[in-house]
Amino acid sequence: MPKLDITQSFVDTVKVESEASSTDFYDKKLVGLLLKVLPSGRKTFYLRYKDTENCSCQRKIGNAVILNITEARDLARRYLAQISLGQDPFLHASINNSPTLGSFASEDYLPYVKTYKKSWNMDESRLRNHLLPYYGKIRMNDIEKRDVVALINELAEKFKPETINRVVILLRYMFNLAMKWEVKGVTRNPTAGISLLKENNQNERFLSALDAKVLLRAINYSRNKMLKHIVPMLILTGARNRVVLDAKWDDFDLDRGIWRIPNTKSGKARVVPLSDTARNLIEKLSANQCCDYVFADPNTCKPYASFYYSWHTARKDAGLADLRVHDLRHSFASFLVNAGRSLYEVQTLLGHSQITTTQRYAHLSTDSLRRPSNEVSVAVPELT
């Protein structure tokens, strides 16, 4: 948001690039006065100020073709004087009675997502750290597309595209809900038409069969006696870390070989078929059953909050210091695909609602591609 001593010569000659939605030029001589310039060439003076509820507002002063910069400053000063006395100079203008983003987040959005979204705390974190510091006291209908672009540009200096995209998606969803719920004063979504940044999320680590053997050998020497059960369960099922740690005996039907996961990321229960190896693992643990949780901390009989330190030691001992716990889920999918299983089967076993999510795991090895390729050679005589 450029700031300068706006002159009449600048007002008459300034232009913006055709691909820009608009550019605001803030006047250094009078705080709150700005000149909005559109790619079409239209120029308008606006005033930004705090209303009696300490909410940021923006109101139109007039067309820059009709008003010169001196007249715009005089009008802005008069308006600011009235505002300082508690009067509303824009009383008869179109009133923006939309809620601030902060009040909508606390009174409407968060109470709603807490009823169904298991990861609502991530939304709360993104609001607290990224959105509310910028827009918390601004009325929703005063947030414009250029404000979203400015936020993206500022976040890009510190954060990766994936983080920025999650923030934009959250803001978009909040506005869509506000419009769906017909929240008073919210008439548009400022994120509309703004593309997400390109993400480089293809850096997943995959275990080879040899890596898996070395890792399993290392965890057998861990001081954490449950690690040798937790890690194989993660590899054998592709389940998320928290799902395994919170698993209860009542969730398993070993006679039928199934595991019912009551709480998933999507908020819906799902059933996972257990391999013979996974079922044997659970059966061995059942001999020492002493609490409700299968993989409980023996000292507390409660689920582990984290097993990072014992995991970190084991992966270093195995020479796999770059391996993350979530990479075991990636590896489960990779093993399935390389064994010739379809993406639909992988999608079902991982519990993905969209096949596009599963495709990121479909890294076929050269060997798995060579096998079907060699089948074609049967129909072609060997060259001599």
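Listed here are the residues, each with its yes/no results for (1) in the same structural domain as Asp322 (by TED's automatic domain parsing); (2) more than 29 Å from the chain's Cα centre (by Cα); (3) loosely packed, with under 15 Cβ neighbours inside 10 Å; (4) not acidic (Asp, Glu).
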{"site": "Ile164", "(1), (2), (3), (4)": "no, no, no, yes"}
{"site": "Leu171", "(1), (2), (3), (4)": "no, no, no, yes"}
{"site": "Lys225", "(1), (2), (3), (4)": "yes, yes, yes, yes"}
{"site": "Leu234", "(1), (2), (3), (4)": "yes, no, no, yes"}
Original post:
Can you pull out the residues in region 206-218 that are touching a Ser or Thr at 6+ places or on another chain (Cβ under 7 Å) and assigned to a helix (DSSP H, G or I)?
Top reply: none
Original post:
Out of all the residues in region 173-212, which are modelled with pLDDT under 85 and among the aromatic types (Phe, Trp, Tyr)?
Top reply: Phe206
Subject >> Hits in region 169-226 (condition: aromatic (Phe, Trp, Tyr) and in contact (Cβ under 8 Å) with a residue 12 or more places away in the chain) >> reply: Phe175, Trp181, Phe206, Tyr221
**OP:** For region 285-329, name all the residues that are charged (D, E, K, R), in contact (Cβ under 8 Å) with a residue 12 or more places away in the chain and more than 18 Å from Lys213 (Cβ to Cβ).
**Re:** Asp292, Asp297, Arg324, Arg329
Original post:
Would you say Thr44 is of a type in the set (S, T, N, Q), closer than 24 Å to Ala150 by Cα and free of Cβ contacts under 8 Å to residues at least 40 places away in the same chain?
Top reply: yes
**OP:** Among the residues of region 1-58, count how many are touching a Gly at 6+ places or on another chain (Cβ under 8 Å) and modelled with pLDDT under 80.
**Re:** 1
Original post:
Are there any pairs with C-beta distances below 6 angstrom linking a residue in region 268-280 that is assigned by TED's automatic domain parsing to the domain that holds Ile258 to a residue that is surrounded by 12 or more Cβ atoms within 10 Å (Cβ to Cβ) and of a type in the set (Lys, Arg), with the two at least 6 apart or on different chains, and if so which?
Top reply: Val271/Arg260
Original post:
Taking region 134-151 only, how many residues are crowded, with 20+ Cβ neighbours inside 10 Å and part of a helix (DSSP H, G or I)?
Top reply: 6
**OP:** Report yes if some residue within region 126-143 is farther than 15 Å from Asn189 by Cβ, touching a His at 6+ places or on another chain (Cβ under 9 Å), without any contact (Cβ under 8 Å) to a residue 24 or more places away in the chain and not hydrophobic (A, V, I, L, M, F, W, C); otherwise report no.
**Re:** no
Original post:
Any idea which residue in region 97-125 is surrounded by the most Cβ atoms within 10 Å (Cβ to Cβ), counting only those that are over 21 Å from Arg188 (Cβ atoms) and over 18 Å from the mean Cα position of the chain (by Cα)?
Top reply: Ser106
Original post:
If a residue has to be closer than 14 Å to Thr264 by Cβ, surrounded by 14 or more Cβ atoms within 10 Å (Cβ to Cβ) and touching a residue at least 60 places away in the same chain (Cβ under 8 Å) to count, how many in region 331-358 make the cut?
Top reply: 3
**OP:** Find the helices (runs of 4 or more DSSP H) located wholly in region 219-320 whose residues include 2 or more that are touching a Cys at 6+ places or on another chain (Cβ under 8 Å), and list them.
**Re:** none
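The values are calculated or read from the model by the stated rules, or taken from the named source; none is laboratory data. A quick note: this is a predicted structure, and the numbers were derived from the prediction, not measured. Here the Cβ is made from the backbone with ideal geometry for all residues, glycine too, and neighbour counts use every protein chain on show.
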